[in-house]
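Novice: Just dropping this structure here.
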Ligand code: ATP
Ligand code: MG
Ligand code: MG
Ligand code: MG
């Protein structure tokens, strides 16, 4: 089943069950405290907090999301995209736990002939709050799921709140067992990596009022006058299960970019399926998945009006494009890549987002210009690096005969900070000329810069996702007004 159909079945199902269907809002978050829309609930925050009366008691949507905090997971886990779509159904004072569980079970396991998803119910596992007797009874007695497949967790591990006094509640997460080929038995709690027991749907039940406190250290001080249900199902995750693929990068909406990148680079995707022990073949697979993810995120961001820049959203977009281009370079492709890759992504996404086709002239122009600018940056950085390499060689010759020349960490940092020249590129190109780089000093300088950015970040949570996480990362990625330079991550070191 194509992803676009999984999507439309969602909307049809909830429309038939009296939900108001709301269109996706922009990736540019309507909630001013966060840069991007990170979850389906973002446009409904006032109704969940009760600060505004909801115009509809029940709502459903398929929301475009960006989560920059998952960037280092991309291509390495099976299930994290920087862009993804969150299917959601919401109740503002209408149905509660039983109703939400009934819909989830019916839609996931009901027959495909009736417009549902037809998953095998025996593969579904739940995690719930250990004191949530209503959910436990409903899953085990009414739905009939064996008790061992409903795993119970302390509140701190399965709760949601805004991070401040106000609404709070416990979640019920639904996980899909991909089978013994992906890990041992034991259910989602034992499977910390989530490789075998894939989290697909999170149901949040808002019913309490919480008091002051940091992190999970707070008391529940009362009950909400109006409860709310806020759910999120990962469309790509359901798609990779239903399309019988090993991960979300191989579904119909993402894989065509991998195929296009294979054709451009002459690489064959999948040779690293054994994982990190497959070495370079694995790294190539990761790069191809990173390319497919980042190109799609860039496409969707530009489509929503974001433009490359040196701070905030524009910086995130710039970084995604650069990482994609850089990954292609590491796959051996030096020429412009987006004319091929972005087109492939647009063609894969346009069934669900026809506006990509109508806005294509602008979208492609913005993207291609940014790739060209980066390619010029690479060329300029190369000149600077060559100068630094020559200086290093001369210094080494003066110091001691035969000593290996070293480019100072400060020079590498400046290349990175001022020219956007990634460290691994500096390392690679210096090595080609027989020169080392003082990487330790470079890392120290990067850490100092990150610390400055972190010290700035304000803490705030909203939604069943911890929005604070996104704010921190966005700040690190240049979310503030001040340009803090390029941040380094584990993935940068090996992939981009
Ligand atoms: P995970 O634990 O796998 O990182 P999560 O608990 O952070 O997921 P939620 O905040 O509960 O995710 O979001 C609701 C649903 O959205 C998840 O159950 C999942 O199906 C989907 N989802 C979350 N993050 C991503 C992502 N980066 N890429 C694709 N789907 C995602
Ligand atoms: Mg997550
Ligand atoms: Mg989770
Ligand atoms: Mg979750």
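The numbers here are math on the coordinates, done by the rules we state, and not lab data. Because the structure is a prediction, the values reported are computed rather than measured. As a convention, Cβ positions derive from the backbone with ideal geometry for all residues, glycine included, and neighbour counts pool all protein chains shown.
Novice: Take the alpha carbon gyration tensor of segment 3-242, find the square roots of its eigenvalues, order them as a ≥ b ≥ c, and report rounded if a/c is under 1.5; if not, report prolate when a/b exceeds b/c, else oblate.
Specialist: rounded
Novice: When the helix-only estimate is applied to the chain (DSSP H runs of n ≥ 4, each -39,500 (n - 2.57), divided by the residue count), what is the mean residue ellipticity at 222 nm, nearest 500 deg cm²/dmol?
Specialist: Calculated at 222 nm, the ellipticity per residue is -13500 deg cm²/dmol.
Novice: Using Cα atoms only, what is the angle between the long axis of helix 409-419 and the major principal axis of the chain, expressed in degrees (0 to 90) to the nearest 10?
Specialist: Relative to the chain, helix 409-419 is tipped by roughly 70 degrees.
Novice: Taking the highest mean first, how do the peptides 115-121, 182-188, 289-295 order by number of other beta carbon atoms within 10 angstrom per residue?
Specialist: Highest-to-lowest ranking by the protection proxy: 289-295, 115-121, 182-188.
Novice: Which order do the peptides 318-326, 447-455 take when ranked by the mean count of other beta-carbon atoms within 10 Å per residue, highest first?
Specialist: 318-326, 447-455
Novice: Which of 235, 108 comes first, and how do the rest follow, when ranked by fewest Cβ neighbours within 10 Å?
Specialist: Going from least to most buried by this count: 108, 235.
Novice: Under the 0.36 nm per residue contour assumption, what length would be gained going from the current alpha-carbon distance of residue 131 and residue 418 to full extension?
Specialist: Roughly 98.0 nm would be gained on extension.
Novice: Something else: Just to confirm the number: angle between the C-alpha axis of helix 423-432 and the first principal axis of the chain, 0 to 90 degrees, nearest 10?
Specialist: Tilt relative to the chain: about 30 degrees.
Novice: Right, next: Any chance you could give the angle, 0 to 90 degrees and rounded to 10, that helix 312-330 forms with the longest Cα principal axis of the chain?
Specialist: 60
Novice: Can I ask one more? Normalised by the residues of the chain, what does the relative contact order come to in percent, with Cα pairs under 8 Å and at least six apart?
Specialist: Computed over the chain, the figure is 14 percent.
Novice: Would you please classify the overall shape of segment 168-316 from the alpha carbon gyration tensor, given that a ≥ b ≥ c denote the square roots of the eigenvalues, rounded means a/c under 1.5, and beyond that prolate means a/b larger than b/c while oblate covers the rest?
Specialist: In terms of gyration-tensor shape, oblate.
Novice: What relative contact order, as a whole-number percentage, does segment 254-437 give when Cα pairs under 8 Å and 6 or more residues apart are counted?
Specialist: Value for segment 254-437: 17 percent.
Novice: Have a look at the DSSP beta bridges in the chain and tell me what percent are antiparallel, nearest 5.
Specialist: Given both bridge residues lie in the chain, the antiparallel proportion sits at roughly 85 percent.
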